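Step one of this worksheet: look at the structure below.
We did not get these values from a lab; they are worked out from the coordinates using the rules stated. Please read all numbers here as calculations on a predicted model, not as lab measurements. Every residue, glycine as well, gets a Cβ built from its backbone with ideal geometry; the counts of neighbours run over all protein chains shown.
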């Protein structure tokens, strides 16, 4: 046999793409050619496969070898094809017989000695195989626990290419040229008991935040705002002088968010798997909402994703969780402006010459910033006074464009306490989480059967249908619209915010007190450096 074909897969964004690995042996000067738009890592796979085959007792074919990765018009990258290429070569040269399973997906990276190394994105590839009718997947042992997260597939783990040798050769530890492996070799390999997911292993989490809000003394109005933000997935900005606890408050936000639903959990886990951030040995899907806090030197590509074949950026890694930008004006204006699309559409689309890639990016944006470069704008004696000129303050804040600020639902001031005081009954994360979960359950019931889950997602006609505003509340909103000079986007966000406040009180209608509280969370619409 001088031709063989096996099935493999690669990542395209965060989704798997089915790839057929075809191997053809022909007479001529020994040469190996890989076609089908491979990247440099795939072209280098030939040398890894050559060394692995020789070091495992097989013979690398000394013929003209053509390896085709089909479909040939899709750009491929990564090392997941190593094992499929090696098995294809051994099958084409008659050293192994392909198994009777016609729907077997083969994924894995080879070391020079033939050992198998785990690869990123296995969860997305196995999910693709399941949806395409494959019955089994052969993966490196290090990826078995990740692959077992999906039900309905038989997962086989391979530790070493030597396992494809006939059993007699394995028993005697032969390293010389192996006799052709027959079907019994595959039967021995694929009939081994399928591993069960290690239930004792801790579930992988994208973050390890365990702080509690009871550590924060005072700042009850900020905790109230954080509860509202968590209940409706409303974007939040905290502004105040340094040392008032802005960062401390936001970093505890994941502790009051509800757990991921099974569908959300699979979605988030696939993103982390594609990014190579999922633990190799995991006891389950991610259940805690992610918390991402990139450094202010991050580029626009690092924030939304990028690369020849784009990879997920921070906005996608924060999907269904929290994205925290600490000291916002320190970020570049270019990086901040790319947040507009994901904040509106809850996804990111990155176009390349051959394809467009779409990444999910539904996150709760949280921001902290000082009121001015020195941080003390607005202070009164005996506190330290601001030394910044109005021009410096305006220059400092111009990093936050009006369109971006419009997309932030809540602007909350975090003042410095007038004096240190003991908080006898600080609100804990557990108490706040109970309030959030009650409001979330109301929203899930209200939006059942619709594409929406939380109030922060509403727009247009859906907002008008679900936000029943009492007449006196409507009058207050109209008066505030003219007095504060609000944009139509800010107007809608106040309504969504009011709907969440009403849900926290289990009220079916939006009342005037709900509108009033929502308006007070727009402090940057009410205040400017020149007016203060």
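Please arrange 487, 27 by counting, for each residue, the other beta carbons lying within 10 Å of its beta carbon, fewest first.
Numbers: 487 15, 27 7.
Ordered by Cβ neighbours within 10 Å, fewest first: 27, 487.
By how many degrees, between 0 and 90 and to the nearest 10, does the Cα long axis of helix 220-232 differ from the longest principal axis of the chain?
The angle comes out near 50 degrees.
What angle, in degrees between 0 and 90 and rounded to the nearest 10, separates the Cα long axis of helix 45-55 from the longest principal axis of the Cα atoms of the chain?
Approximately 50 degrees, to the nearest 10.
Test of understanding: what is the full-extension gain from residue 39 to residue 523, defined as 0.36 nm times their sequence separation minus their Cα-Cα distance?
169.1 nm
Once fully extended, how much extra length lies between residue 441 and residue 488, figured as 0.36 nm per residue of separation less the alpha-carbon to alpha-carbon distance? If you can, show how the numbers build up before the last one.
Working: separation 47, 0.36 × 47 = 16.92 nm, distance 2.86 nm.
Once the chain is fully extended between residue 441 and residue 488, it gains 14.1 nm.
For residue 478 and residue 341, what does the FRET efficiency come to when R0 = 22 Å and r is the distance between their Cβ atoms, rounded to the nearest 0.05?
The computed FRET efficiency comes out at 0.10.
Which FRET efficiency value, to the nearest 0.05, do you get for residue 507 and residue 27 by plugging their Cβ-Cβ distance into 1/(1 + (r/R0)^6) with R0 = 56 Å? The partial results should precede the final answer.
Details: r = 82 Å, r/R0 = 1.46.
So the FRET efficiency works out to roughly 0.10.
With n ≥ 4 as the cut-off for DSSP H runs, can you work out [θ] at 222 nm for the chain, using -39500 (n - 2.57) per run divided by the number of residues, rounded to the nearest 500?
Rounded to the nearest 500, it is -10000 deg cm²/dmol.
Using only alpha carbon pairs under 8 Å that are at least six residues apart, calculate the relative contact order of the chain and give it in whole percent.
On the way: 1074 pairs, mean separation 70.3, N = 532.
In percent, rounded to a whole number, it is 13.
For Cα extents along the principal axes in Å, pick the label among (1) 61, 57, 51; (2) 87, 46, 45; (3) 116, 73, 44 that corresponds to the value derived from the coordinates.
(2)
Binned at 10 Å from 0, what are the whole-percent values of the Cα-Cα distance distribution for region 213-531, short to long?
5, 25, 34, 26, 9, 1, 0
Going by average Cβ density within 10 Å per residue, which order do the peptides 80-93, 261-274, 425-438 take, highest to lowest?
80-93, 261-274, 425-438
Counting other C-beta atoms within 10 Å, which of 154, 32, 387 has the fewest, and how do the rest follow? Before the final figure, lay out each step's value.
Details: 154 14, 32 20, 387 11.
In order of increasing Cβ crowding within 10 Å: 387, 154, 32.
Which translational diffusion coefficient, to the nearest whole µm²/s, is obtained for region 328-421 from the Stokes-Einstein equation, given a Kirkwood hydrodynamic radius over C-alpha pairs, 20 °C and 1.002 mPa s? Please list the in-between numbers first.
Working: Rh = 16.0 Å.
In µm²/s, the coefficient is 134.
Between the helical axis of 262-274 and the dominant principal axis of the chain, each derived from Cα atoms, what acute angle in degrees is found, rounded to the nearest 10?
60
Contour minus end-to-end for residue 266 and residue 215, with contour as 0.36 nm per residue of separation and end-to-end as the Cα-Cα distance?
Difference between extended and current length: 15.1 nm.
Among 408, 442, 228, which comes first, then next, by fewest other beta-carbon atoms within 10 Å?
Fewest-to-most ranking of 408, 442, 228: 442, 408, 228.
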